[in-house]
Amino acid sequence: MNPIPAAWTRLALVGLIMTTVGCDRVTKHLAEEALVLSPQRSFLSDTIRLEYVENAGAFLALGADWPPAVRLAIFTYGSGLLMVGVLVTAVRFRWSGPALVGTCLYLAGGASNLADRIIRGSVIDFLNVGLGPIRTGIFNVADMAIMLGVSLLVLALYRAERSTHTA
């Protein structure tokens, strides 16, 4: 059986990136249209909450109260440099499989949130999930892509490291 040609793999990865960014952009637009100046909405017995928030900070609004210059340096330039570093590392070490898929998800989510930071100075968040008092922070589709991507990447790198030590 022939392996999947590299061109098809590249096309699939570009499609994954475009789909992830597109989903994030569309859902943020819909959240802005439907949720701004609206009360919080609850679904599935309060398992899912929709609430519009403009997050000037990072995960769970970390750093939202920092001076604007510090936020710009860390959350805009720092995030951009980190994404470039991950991309360079992926290319240099020729990551494939789950590591490459994780890298693409991380970069797509990171790029979409970075675009928000550059354009608006903040990121639109609107999702909150949980059961009773156990809840997540408010997040968006890009955040889900980042978390899934980093998880896949860490798992793939752990497995690769483990297999080199047992071989």
Given the criterion surrounded by 14 or more Cβ atoms within 10 Å (Cβ to Cβ), touching a helix residue (DSSP H, G or I) at 6+ places or on another chain (Cβ under 7 Å) and not in a helix (DSSP H, G or I), identify the matching residue among 109, 80, 63, 102. 63
When segment 124-158 is checked residue by residue, the ones that are more than 17 Å from the chain's Cα centre (by Cα) and hydroxyl-bearing (Ser, Thr, Tyr) are 158
Exactly one of 10, 71 is in contact (Cβ under 8 Å) with a residue 12 or more places away in the chain and either at positive phi or assigned to a helix (DSSP H, G or I) (or both), and that one is 71
Out of all the residues in segment 26-65, which are in contact (Cβ under 8 Å) with a residue 24 or more places away in the chain and of a type in the set (A, V, I, L, M)? 31, 35, 48, 50, 53, 56, 60, 61
Quick one: in segment 16-48, of everything that is of a type in the set (Gly, Ala, Ser) and surrounded by 12 or more Cβ atoms within 10 Å (Cβ to Cβ), which residue is farthest from residue 141 (Cα to Cα)? 42
Can you spot a residue in segment 113-123 that is outside any helix (DSSP H, G or I), within 15 Å of the chain's Cα centre (by Cα) and surrounded by 23 or more Cβ atoms within 10 Å (Cβ to Cβ)? yes
Of the residues that sit in segment 116-146 and are free of Cβ contacts under 8 Å to residues at least 12 places away in the same chain and of a type in the set (A, V, I, L, M), which one is nearest to residue 20 (Cα to Cα)? 119
Restricting the search to segment 13-51, which residues are of a type outside the set (S, T, N, Q), farther than 21 Å from residue 116 by Cα and in a loop (DSSP other than H, G, I, E, B)? 39, 44, 46
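Readers should treat all values here as calculations from the given coordinates under stated rules, not as data from a laboratory. From a predicted model like this one, the values you see are computed outputs, not experimental measurements. So basically every Cβ, Gly included, is an ideal-geometry build from the backbone, and we count neighbours across all protein chains shown.
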